[in-house]
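Notes to accompany the following structure.
No value in this document is a laboratory result; all are computed from the given coordinates. Small disclaimer: the values here were computed from a predicted structure and weren't measured. Here the Cβ positions follow ideal geometry from the backbone for every residue, glycine too, while neighbour counts run over all protein chains shown.
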Amino acid sequence: MTTALPKPPQNDVTHLFGLDIRRMPFIEANDLLLDLATQSGNKTQVVVTPNVDHIVRLDKQPDFKALYAKADHIFADGMPIVWASKLTSHPLPERVTGADLFVSLCKGAATKGLSIFILGGMPGQEDALVAAFAKVYPGLKVNITCPSMKFTPDGPEADAAILQIQETRPDILFICLGMPKQEYFAFRYQREQTINNCPLILCVGAAMEFALGQKKRAPMWMQKSGLEWFWRLASEPRRLWQRYTIQGSKFIGILWRERRLHR
C-alpha cells in the first residue's frame with residue numbers, strides 16, 4: 001500500500017507566477033530529495049525546476065500550468081525567478097537547478113547504493129551513455145532508455161518505458177525529454193502507478209548532457225550573476241535564440257503583471 005506524502009507547508013513556499021516554489025537553499029533541497037529517494041512505499045514524488053522559458057510557456061497554456069503546479073516539489077531554476085521573488089514578502093534564498101540536482105543526486109545515489117533510471121538521450125546511445133556514467137560516477141547503478149524523436153507521453157514507446165521502469169524499480173527516475181513531454185510523462189507515471197517502485201521523479205531537460213560533459217556549463221560567476229542564458233545562447237545560437245530573445249521579452253511582461261499583483 002502506498003502512502004501519499006503531504007505537500008510542502010505554505011510557510012515553506014513562495015507563491016510566484018501561480019506556482020508554489022519551495023523556499024530552501026540547494027543543499028537542503030538536495031538532502032530532502034535524496035532522503036525521499038530512500039523511502040519506498042510512499043507515493044511517487046514529482047519534481048520540476050522552472051526557468052524563464054518555462055514560465056512564459058506555462059503562461060500561454062493554462063491547462064498544462066494547472067498540471068505543472070501540482071508537482072510535489074517546485075524549485076526555481078532560473079536566476080530571474082529568484083530575483084522576481086523579491087517582489088514577495090518571502091524571497092527565495094537561491095536557485096536550485098535541475099542540472100545541479102542531477103549531478104548531486106547521482107553522486108549521492110552512488111554513495112548510498114541507490115539506483116537511477118534515465119529516460120532521454122539520443123536514440124541508440126544507451127550503451128555509450130552507460131559507459132560514460134561508469135567513468136564519471138563510479139559505482140552508480142544506472143539504466144537508460146533513449147526513445148525515438150517520435151516519442152509521445154501517451155504513445156506505445158511511453159507504455160514500454162513505464163514497463164521497463166517498473167521492472168528495474170529505480171530509486172530515482174530522471175526524465176530528460178524537454179518540456180512538456182517530460183512533465184506529461186512524469187504525471188502519467190505518477191497517476192497510473194499502482195505499486196510503488198520509484199519514489200522520486202525529476203524532470204531535468206538537458207541535465208544529463210551537462211553532467212556527462214557533453215555540453216559545457218557557463219563559468220560559476222556567470223551562473224551566479226544570472227548570465228548563464230548568455231553563455232548557452234552563444235553556444236547554441238540557432239537552437240536557443242528564440243528562447244532567450246523572444247521568450248525573454250515576454251517574461252518581462254509577465255513579470256510586470258506579477259509586480260502589480262504583489263503590490
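Using 0.36 nm times the number of residues separating R263 and D59, minus their current alpha carbon distance, what extension gain do you get?
Working: separation 204, 0.36 × 204 = 73.44 nm, distance 2.00 nm.
The R263-D59 span can extend by a further 71.4 nm.
What is the distance in Å between the Cα centroid of the range 119-190 and that of the range 196-211?
Cα centroid to Cα centroid, the span is 8 Å.
I'd like to know how the range 10-211 sits against the 2.2 N^0.38 Å rule of thumb: what's its Cα Rg over that expected value? List each step's numbers first, then the result.
Details: Rg = 16.2 Å, N = 202, 2.2 N^0.38 = 16.5 Å.
For the range 10-211, the normalised Cα radius of gyration comes out at 0.98.
Distance cut-off 32 Å, Cα to Cα: go down the list K60/K150; K86/K112; K70/K150 and report the pairs above it. Display every interim value, and only then the final one.
Working: K60/K150 24 Å; K86/K112 37 Å; K70/K150 26 Å.
Pairs exceeding the cut-off: K86/K112.
Go ahead and run the numbers for FRET between E126 and Q39, Cβ-Cβ distance against an R0 of 22 Å, rounding to 0.05. All intermediate terms of the calculation are to be shown ahead of the outcome.
Numbers: r = 28 Å, r/R0 = 1.28.
Once the sixth-power term is evaluated, E becomes 0.20.
Please enumerate, by chain and number, the aspartates and glutamates with C-alpha under 20 Å from the C-alpha of K141, excluding those fewer than 8 residues away in the same chain.
Correct list for K141: D31, D35, D100, E126, D127, E167, D171, E209.
Packing-wise, with mean Cβ within 10 Å as the measure, how do 121-128, 155-162 rank, highest first?
Values: 121-128: 13.4, 155-162: 15.0.
Ranking the peptides 121-128, 155-162 by packing returns 155-162, 121-128.
At 37 °C and 0.692 mPa s, grab the translational diffusion coefficient of the range 68-122 from Stokes-Einstein with a Kirkwood Rh over Cα pairs, rounded to a whole number in µm² per second. Intermediate values should be presented prior to the final figure.
Details: Rh = 13.5 Å.
Taking Rh from Cα pairs, D becomes 243 µm²/s.
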